[in-house]
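Engineer: Here it is: the structure, laid out below.
Values quoted throughout were computed directly from the atomic coordinates according to the rules given, and no laboratory measurement underlies them. Owing to the predicted nature of the structure, the values given are computational and were not obtained by experimental measurement. Heads up, the Cβs are rebuilt from the backbone with ideal geometry, glycines too, and the neighbour counts pull from every protein chain shown.
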């Protein structure tokens with residue numbers, strides 16, 4: 001039995017889930033998200049404003065238990081995304097490091113001889129607070145996290161002076177410089 005899979009998903013008042021065979025359509029104030037579940041292994045039902053997914057097989061082995069928890073987490077992330085949205089906050093630290101928006105590009109000055117332009121996907125909304133704080137918002141948690149990781153990979157945080165792009169709250173292991 002999957003500990004995570006057994007939990008019910010509470011659907012907020014302003015969101016809804018439609019079940020059409022193996023397809024789930026989750027809609028809310030922020031947008032809609034479509035998911036596909038394996039309807040030969042799992043069944044889903046809605047009671048009041050609780051959503052539940054259960055396996056159809058009698059014997060639940062390790063593989064089905066893992067899939068059960070994964071599907072439940074994906075559906076829960078989609079419900080959270082369409083009702084509240086997902087957000088990542090990135091911080092730039094370093095002398096002369098700054099970010100600004102230019103149309104559909106995020107322009108970054110991160111210590112290279114040239115500016116770095118990052119193309120923003122249509123499903124993602126990026127805002128620049130100050131010049132050193134970037135907020136990434138969207139409905140899809142996977143896409144928001146991927147965009148944040150791609151931006152962080154442009155200039156990873158170095159361990160000596162902690163210069164680079166990091167997530168808010170990320171721990172950076174600092175090293176001591178060389179001694180005379």
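Engineer: Kindly put 143, 92 in sequence by how many other C-beta atoms sit within 10 Å of each C-beta, fewest to most. Kindly include the intermediate steps, with their values, before the conclusion.
Structural biologist: Working: 143 16, 92 24.
So the ranking, lowest neighbour count to highest, is 143, 92.
Engineer: Grab the beta carbon distance between residue 41 and residue 133, set R0 = 41 Å, and tell me the FRET efficiency rounded to 0.05.
Structural biologist: Step by step, r from the Cβ atoms, then E = 0.40.
Engineer: I need 106, 50 ordered by Cβ neighbour count within 10 Å, fewest first.
Structural biologist: On the way: 106 21, 50 11.
Least crowded to most crowded, the residues run 50, 106.
Engineer: OK, next. Among 145, 32, 54, which one shows the biggest mean-square fluctuation in a GNM of the chain, springs joining Cα atoms closer than 10 Å?
Structural biologist: Highest fluctuation of the listed residues: 54.
Engineer: Going by how many other Cβ atoms sit within 10 Å of their own, how do 116, 172, 144 line up, fewest first?
Structural biologist: 172, 116, 144
Engineer: Computed FRET efficiency, Cβ-Cβ of residue 6 and residue 171, R0 45 Å: what is it to the nearest 0.05?
Structural biologist: FRET efficiency, residue 6 to residue 171: 0.85.
Engineer: Among rounded, prolate and oblate, which fits the chain when a ≥ b ≥ c are the square roots of the eigenvalues of its C-alpha gyration tensor, a/c under 1.5 means rounded, and a/b larger than b/c means prolate?
Structural biologist: The shape class here is prolate.
Engineer: Most mobile of 33, 161, 135 per a Gaussian network model of the chain (Cα springs, under 10 Å)?
Structural biologist: 161
Engineer: Hey, in the GNM for the chain with a 10 angstrom Cα cutoff, which one of 20, 167, 129 fluctuates hardest?
Structural biologist: 20
Engineer: Kindly express, to the nearest 10 degrees and within the range 0 to 90, the angle between helix 62-83's C-alpha long axis and the longest C-alpha principal axis of the chain.
Structural biologist: 70 degrees
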